[in-house]
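Reviewing the structure listed below.
Rule-based calculations on the coordinates, nothing more; no lab input. Just so we're clear, the structure is a prediction, and the values are computed from it rather than from any experiment. So basically every Cβ, Gly included, is an ideal-geometry build from the backbone, and we count neighbours across all protein chains shown.
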Amino acid sequence: MNQSLTIDNEQATVGVITKGGCITSYRLKTNDGFFDVLKSFGQRNKASFPLIPYSNRIKNGCFVFEGKKYQLPLNFGDHPHSIHGVGWQEEWSVKNHEEDSITLELTHDGTVWPFPFKATQTVKLSGADLYNEIQLTNLSTTSMPAGLGMHPYFPRHGTAILTADVGEVWKTDDTCLPLEKISCPPNWNLTSGAMVDELHCDNQFDPWTGTALINWPDKSASVTLTSSEDLNRLVVYAPRDEEFFCIEPTSHITDAFNFAFQGRPQQETGIRILEPEETWTVWMELLPKHHL
């Protein structure tokens, strides 16, 4: 049963639901009311959700690992690939709810994803700053391939400028599968700061140093996103004519399991192999500033 939870202090408030383990809102308290750092989107009221145990797409929902072929459900309408793992579509349980933090837990039985696992997610407020951590533990008796990430949605608030230290980006086909990595073209030069309205992209920048800055000059506000060392690739989804955009810290390239099967090295794919009972932890932090 889907539950709605809240953490709140004098500077900010955060909403979480157990369906999908989603953050539903993250708002600063201002003299004029509230300022939305994240934007809710979609039927499940998602402002951010965990990417477990992989991010982005697996081609046709099919991959081979240690000589065995696996077929995943196609889990996103008529899209031809499996997308974003299983955590965002399953019911999490509440492990802990304190004044400044919420911890959710998901135990997956190895049906949709063919390896059983346990995931734990913590959402914590410290003043106005939001910390989001996810842990993944392999409950299988065999090794398990894995990738992790987060999928936050940000409002445009009029003009938004994205700055991130990246130099290369993956060109994709019309289903967002990677084709080749190229130097960032001038319109995707995030290093110098790019207008989000002009990006029109759904692409992965690789590698990334783990820090990105969003400026909203129309609102005299900004937020810095930082992430753990393993989340060293950045997906930027900036669709045309929408009020939101996404910057997603991820650990691996899109369709990484199939790239690994083709012999690409781990350093290139970002795939992590978890042994039985091994736990992997990653995090993202949002550090906002707003001139009240």
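Overview of results
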read-out: Any hit, the stretch 50-58, residues being more than 18 Å from the chain's Cα centre (by Cα) and either surrounded by 14 or more Cβ atoms within 10 Å (Cβ to Cβ) or not basic (Lys, Arg) (or both); value: no
read-out: Residues of the stretch 173-192 satisfying the condition of being closer than 26 Å to Gly42 by Cα and buried (at least 18 other Cβ atoms within 10 Å of the Cβ); value: Cys176, Leu177, Pro178
read-out: Residues of the stretch 27-47 satisfying the condition of being assigned to a strand (DSSP E or B) and either touching a Cys at 6+ places or on another chain (Cβ under 9 Å) or under 22 Å from Glu90 (Cβ atoms) (or both); value: Phe41, Lys46
read-out: Residues of the stretch 156-175 classified as of a type in the set (A, V, I, L, M, F, W, C), more than 19 Å from Pro207 (Cβ to Cβ) and either assigned to a loop (DSSP other than H, G, I, E, B) or out of contact with any helix residue (DSSP H, G or I) (no Cβ under 8 Å at 6 or more places or on another chain) (or both), total; value: 1
read-out: Any hit, the stretch 35-42, residues being more than 15 Å from the chain's Cα centre (by Cα), touching a residue at least 60 places away in the same chain (Cβ under 8 Å) and buried (at least 18 other Cβ atoms within 10 Å of the Cβ); value: yes
read-out: Looking only at the stretch 1-26, and only at residues there that are in contact (Cβ under 8 Å) with a residue 60 or more places away in the chain and outside any strand (DSSP E or B), the one that is nearest to Val86 (Cα to Cα); value: Gly20
read-out: Residues satisfying the stated conditions in the stretch 115-155, i.e. among the small types (Gly, Ala, Ser) and surrounded by fewer than 23 Cβ atoms within 10 Å (Cβ to Cβ); value: Ser126, Gly127, Ala128, Ser140, Ser143
read-out: Search result, residues across the stretch 1-50 that are closer than 19 Å to Leu286 by Cα and in contact with a Gly (Cβ under 6 Å, 6 or more places away or on another chain); value: Thr6, Gln11, Gly21, Thr24, Ser25, Phe49, Pro50
read-out: Enumerated strands (runs of 3 or more DSSP E) restricted to the stretch 193-268, each holding at least 1 residues that are surrounded by fewer than 22 Cβ atoms within 10 Å (Cβ to Cβ) and at positive phi; value: 208-216
read-out: Test: residue in the stretch 61-76 that is in contact with a Phe, Trp or Tyr (Cβ under 6 Å, 6 or more places away or on another chain), assigned to a strand (DSSP E or B) and of a type in the set (A, V, I, L, M, F, W, C); value: yes
read-out: Options Val112, Val14; residue that is surrounded by 14 or more Cβ atoms within 10 Å (Cβ to Cβ), out of contact with any helix residue (DSSP H, G or I) (no Cβ under 6 Å at 6 or more places or on another chain), closer than 24 Å to Thr141 by Cα and β-branched (Val, Ile, Thr); value: Val112
read-out: Yes/no for Glu243 being of a type in the set (D, E, K, R), in contact with a His (Cβ under 6 Å, 6 or more places away or on another chain) and touching a residue at least 12 places away in the same chain (Cβ under 8 Å); value: no
read-out: Output for the stretch 118-155, where each listed residue is hydrophobic (A, V, I, L, M, F, W, C), assigned to a loop (DSSP other than H, G, I, E, B) and farther than 21 Å from Arg27 by Cβ; value: Leu139, Leu148
read-out: Subset of the stretch 59-99 (residues that are surrounded by 13 or more Cβ atoms within 10 Å (Cβ to Cβ) and of a type in the set (Gly, Ala, Ser)); value: Gly61, Ser82, Gly85, Gly87
read-out: Residue match in the stretch 222-233 (condition: in contact (Cβ under 8 Å) with a residue 24 or more places away in the chain and over 20 Å from Met284 (Cβ atoms)); value: no
